[in-house]
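Visitor: Quick one: the structure is below, and I'll ask about it shortly.
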């Protein structure tokens, strides 16, 4: 009996972890269609204003703002936009990086984007795109979806096509 209980707990934990990393976009499709063209066409220039990035600690970085351009020390960059609210709809952040790859998270941006890394990891700060995609963004209380970054490059083809079919 004890062995059966242990297997059941492990299975439940595995399912829970799997669910935590699923991106939820229900109710945000129109916003995605609206924001995607500007994200995909974004190309920074020398005059592009950058958001202020502040390393708050060994494992936390604050980006002041909910939308904008973030140049990184490595020469890489990303541009992001977010839709955060205190309603039942899921929050959503979409970022495009210097290589044109799209990343999304259900993290809550209010009023700033707060990136964090596990405490057990070596001291981290935002220097490369890999640092961004390995970070997490806390969900709002009761929020659904993933606090991790998920690659969503396929949205560039799927989302515009869905709009045309309607």
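The values are calculated or read from the model by the stated rules, or taken from the named source; none is laboratory data. Given the structure is predicted, the values throughout are model-derived calculations rather than measurements. Neighbour counts run over all protein chains shown; Cβ positions are idealised from the backbone, glycine included.
Visitor: Suppose the filter is out of contact with any helix residue (DSSP H, G or I) (no Cβ under 6 Å at 6 or more places or on another chain), in contact (Cβ under 8 Å) with a residue 24 or more places away in the chain, surrounded by 20 or more Cβ atoms within 10 Å (Cβ to Cβ) and under 22 Å from residue 40 (Cβ atoms); does residue 133 pass it? Lay out the reasoning, then the answer.
Guide: Values: out of contact with any helix residue (DSSP H, G or I) (no Cβ under 6 Å at 6 or more places or on another chain): yes; in contact (Cβ under 8 Å) with a residue 24 or more places away in the chain: yes; surrounded by 20 or more Cβ atoms within 10 Å (Cβ to Cβ): no; under 22 Å from residue 40 (Cβ atoms): yes.
Taking the combined requirement at face value, the residue does not satisfy it.
Visitor: Give just the number: which of (1) buried (at least 21 other Cβ atoms within 10 Å of the Cβ); (2) touching a residue at least 40 places away in the same chain (Cβ under 8 Å) does residue 108 not satisfy?
Guide: Unmet for residue 108, out of (1) buried (at least 21 other Cβ atoms within 10 Å of the Cβ); (2) touching a residue at least 40 places away in the same chain (Cβ under 8 Å): (2).
Visitor: Residues of the range 26-75 being in a loop (DSSP other than H, G, I, E, B), within 17 Å of the chain's Cα centre (by Cα) and under 22 Å from residue 99 (Cβ atoms), which ones?
Guide: Those that are in a loop (DSSP other than H, G, I, E, B), within 17 Å of the chain's Cα centre (by Cα) and under 22 Å from residue 99 (Cβ atoms): 51, 72.
Visitor: What are the pairs, 6+ residues apart or on separate chains, where a residue within the range 41-61 that is more than 16 Å from residue 113 (Cα to Cα) has its Cβ under 6 Å from a residue that is part of a loop (DSSP other than H, G, I, E, B)?
Guide: 58/123
Visitor: So, one more: Kindly list the number of the only condition in (1) touching a strand residue (DSSP E or B) at 6+ places or on another chain (Cβ under 6 Å); (2) buried (at least 17 other Cβ atoms within 10 Å of the Cβ) that fails for residue 143.
Guide: Every listed condition holds for residue 143 apart from (1).
Visitor: For residue 99, all conditions in the list (1) surrounded by 14 or more Cβ atoms within 10 Å (Cβ to Cβ); (2) at pLDDT 95 or above hold save one; what is the number of the exception?
Guide: (1)
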